[in-house]
Structures are given as C-alpha cells and as structure tokens.
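The values are calculated or read from the model by the stated rules, or taken from the named source; none is laboratory data. This is a predicted model, so every value here is computed, not measured. With ideal geometry, Cβ positions are generated from the backbone for all residues, glycine too; neighbour counts draw on all protein chains shown.
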Amino acid sequence: MSSPAVMISATEMIRQSPLPSLRSLEVIENDSEVTLSVCVSSYYEKQLAQETVRPVLGERRLLNMVRVKRS
C-alpha cells in the first residue's frame, strides 16, 4: 500500500518560487478560494504567480489581486 500524497499549499508553492518577487506574495487560502496579492513589475510576473499556484488549487477559485507597477 502506498502512502497518501502530501498536499502542498499554495503558500508553500509561492515560497519555493525561484523569483524573489513572487516569494513576497501575500497568499490567503481557505476551503473555497486562494487569493494572491502583491505589486510586481510586469504582467509576466503576475501570470507566473497565477500559474505557480494553479496545480494546487483543486476545486478552489483563484482570485489574482496582484497589481503591476506602472513605469
């Protein structure tokens, strides 16, 4: 019998990001949704934040409240 898979939280996925700007994201998780918020320097980083947590969302809704700084 194999052991059950360990559920990795969205917070942990963000903390493991190779991008320092994503590691500073505020992540709020509950049973129905995951909210991301911080200010980043590009839309690319905003998209990366969203895609970083997507694998652990399950049935939860993602609220991407990440803001992009205007240059």
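When residues in region 36-71 are screened for being of a type outside the set (Gly, Ala, Ser) and farther than 15 Å from residue 24 by Cβ, 16 of them pass. Any chance region 26-39 includes a residue that's in a helix (DSSP H, G or I) and modelled with pLDDT of 90 or more? For region 26-39, residues in a helix (DSSP H, G or I) and modelled with pLDDT of 90 or more: absent. Return a yes/no flag: does region 40-53 have any residue that is assigned to a strand (DSSP E or B) and out of contact with any His (no Cβ under 7 Å at 6 or more places or on another chain). Taking every residue of region 40-53 in turn, at least one turns out to be assigned to a strand (DSSP E or B) and out of contact with any His (no Cβ under 7 Å at 6 or more places or on another chain). Does residue 71 satisfy the condition of being modelled with pLDDT under 90, surrounded by 12 or more Cβ atoms within 10 Å (Cβ to Cβ) and assigned to a loop (DSSP other than H, G, I, E, B)? Judged against the criteria, residue 71 is not a match. If you go through region 24-71, how many residues are charged (D, E, K, R) and under 14 Å from residue 9 (Cβ atoms)? Number satisfying all stated conditions: 6.
The residue that is modelled with the lowest pLDDT, among those in region 7-25 that are of a type in the set (S, T, N, Q) and over 8 Å from the mean Cα position of the chain (by Cα), is 21. Within region 47-68, being surrounded by 15 or more Cβ atoms within 10 Å (Cβ to Cβ) and charged (D, E, K, R) holds for one residue alone: 60.
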